[in-house]
Structures are given as C-alpha cells and as structure tokens.
Amino acid sequence: MAVQSLERACELVRGQSDSFTLGHARDAHYNAAYAYYQLGEFQSAMEHMEQYRQISESSGAGLDGRDYSMLCLTHYLSGDIEGARAYVSKCDAEWRRKAAADFGDTAFFGS
C-alpha cells in the first residue's frame, strides 16, 4: 500500500513547476524508489531515481553522494550496467569498496 500511495503522490505532482511542489515531488520519487528497491523491483526503483535526478537537476537542488550511490545501485541491479557506469565514479570510494565486496564485482565497482 505504501508504494501505491507514493505512486499516487508522484502522479499528483507531475507537471507542477513551483518550487514547493517540486520539493515534494523529489521526496515522493526518492521514497518510491527506496520502497521499490526494498521490494526487489529494481527497474521501477531505477525509473523513480531517474525522475528524482531530473527534478533535482532542473530545480537546482543538486545531488549528493547518497543520491549517486542509489542511482548507481538501481541501474546496476536492474541490469543497466551502462547506466550504472555513468554514476559509479560519482559515488563515495568507501561505498564503492563495500558494493564491490557485497556484489563480488571489483571489476565494476573497484576495490
């Protein structure tokens, strides 16, 4: 039910451009991405993270290391290695080391 509520929130703010609503749109997309991630639905998680990224960049809110890690991870887990590659260099080195160990993929994440 939480995912349904978050999807509804994302629908409600779609097309809105005022800064107040954009802040809520960013939150709704990030929370939806995390909920889908927790459910193992990585494609949906990736799509919401990309919406989050687009809103963040267009509103000037920017992205931080946590955001880049989530973008990289959702692309990676959904099988979009090229998409993940666009973000991996922007992730924190410690996060990359942990991901390399967790996924057994030092070739992608580094050591």
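The values are calculated or read from the model by the stated rules, or taken from the named source; none is laboratory data. Everything numeric here is computed off the predicted structure, so don't read it as measured data. Cβ atoms come from the backbone with ideal geometry, glycine included; neighbour counts cover every protein chain shown.
Of the residues that sit in region 14-32 and are small (Gly, Ala, Ser) and under 12 Å from ILE55 (Cβ atoms), which one is nearest to the chain's Cα centre (by Cα)? So that I can check it myself, show each step before the final result.
To start, the set of residues in region 14-32 that are small (Gly, Ala, Ser) comprises 15, 17, 19, 23, 25, 28, 32.
Remaining after also requiring under 12 Å from ILE55 (Cβ atoms): 15, 17, 19, 23, 25, 28.
Working: GLY15: 20, SER17: 21, SER19: 20, GLY23: 16, ALA25: 13, ALA28: 12 Å.
Among those residues, the one meeting the criterion is ALA28.
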Seminar exercise, completed: Considering residues that are under 19 Å from ALA33 (Cβ atoms) and out of contact with any helix residue (DSSP H, G or I) (no Cβ under 7 Å at 6 or more places or on another chain), the number found within region 86-101 is 1
Exercise. Which residues, taken from region 16-46, are in contact (Cβ under 8 Å) with a residue 12 or more places away in the chain and among the charged types (D, E, K, R)?
Worked result: ARG26
Exercise. Among the helices (runs of 4 or more DSSP H) contained in region 1-85, which hold 1 or more residues that are at pLDDT 90 or above and crowded, with 20+ Cβ neighbours inside 10 Å?
Worked result: 19-39, 42-59, 65-77
